[in-house]
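Inspection log for the structure reproduced underneath, given as structure tokens.
No lab work stands behind these numbers, since they all come straight from the coordinates. In this text, all values refer to a predicted model and were calculated from it rather than measured experimentally. Here Cβ is always computed from backbone atoms with ideal geometry, including for glycine, and neighbour counts include all displayed protein chains.
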Amino acid sequence: MNRKEEIISSLQRKAYCKQQVFSYTEEYFEQLKQILSNLCKEYRAELDDKDVQKKVEIGFKSKSKFEAQFKFSGDTLVFHMHSNIFRFDDQHILWKNSYLKEDELRSYCGVINIYNFLSDSLKYNRENDAGYLIGRLFINKDKHFFLEGKKQLSFAHNQFDKEVLNEEKLRDVIEACIMYSLDFDLYSPNFERVQMVSVNQIIALGNNPKLRTEKRMGFEFNFSDEEPRA
């Protein structure tokens, strides 16, 4: 096979496969947005206590073609669909399964990243705040999927060779991420780490909340800079 034939062959197999995977991922991401919108309405309706309804805000935003946000009180999940297609590296545990060995093209996946942020970080545009990647949803040309995530999320959907993504499973992924975020609390840092603050820092804090806040670290000033950070 000459070089031209190799290029045409690669375009017909690999490039076409990637475009197909992107199309599927795009379809599922739109479906994910619709599920989030429906969940928003369902959860609001289930909050039958009027006082709770006022204080526990639940909201959904489709920020762009590639991003959606779901807010539930103090937490917000950010769903981001990557515009590129990725292949599992040769050392990935999934290569031990015959499913990928039988067809290498099955290893090319679209990716939806799932992040957990404090709602106030986004509301007040606190650029120094940190969020956490809690899950990654991989989708291939067979519409099989694999959820890679923190703690219990890694056990929810990890049979890549068997599981085909559909609306029910997509909703299950979303609600598993919501539950994980609700259990992942904001902790107050050690008192000694935050007891000193400069005049410049407190002025900056009053003008614009720049004290970095994240669930794992709580909040912290950095004493070597004028702006606080963790």
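When you scan the range 38-50, do you find a residue that is more than 27 Å from D142 (Cα to Cα), of a type in the set (F, W, Y) and assigned to a helix (DSSP H, G or I), even just one?
yes
Kindly provide the set of residues from the range 38-76 that are closer than 17 Å to E175 by Cβ and either among the basic types (K, R) or without any contact (Cβ under 8 Å) to a residue 24 or more places away in the chain (or both), ordered by number.
Listed by number, the residues that qualify are N38, K41, E42, R44, A45, E46, L47, V56, I58, G59, K71.
Check the range 40-48 and report whether any residue there is within 23 Å of L133 (Cβ to Cβ) and under 16 Å from the mean Cα position of the chain (by Cα).
Scanning the range 40-48, I find no residue that is within 23 Å of L133 (Cβ to Cβ) and under 16 Å from the mean Cα position of the chain (by Cα), so the answer is no.
Select, from K141, K151, K169, the only residue that is charged (D, E, K, R), farther than 17 Å from E102 by Cα and part of a loop (DSSP other than H, G, I, E, B).
Among K141, K151, K169, only K151 is charged (D, E, K, R), farther than 17 Å from E102 by Cα and part of a loop (DSSP other than H, G, I, E, B).
Please work out which one of (1) surrounded by fewer than 16 Cβ atoms within 10 Å (Cβ to Cβ); (2) within 19 Å of the chain's Cα centre (by Cα); (3) over 25 Å from Q20 (Cα atoms) is the condition Y180 fails and give its number.
So Y180 meets the others, but not (1).
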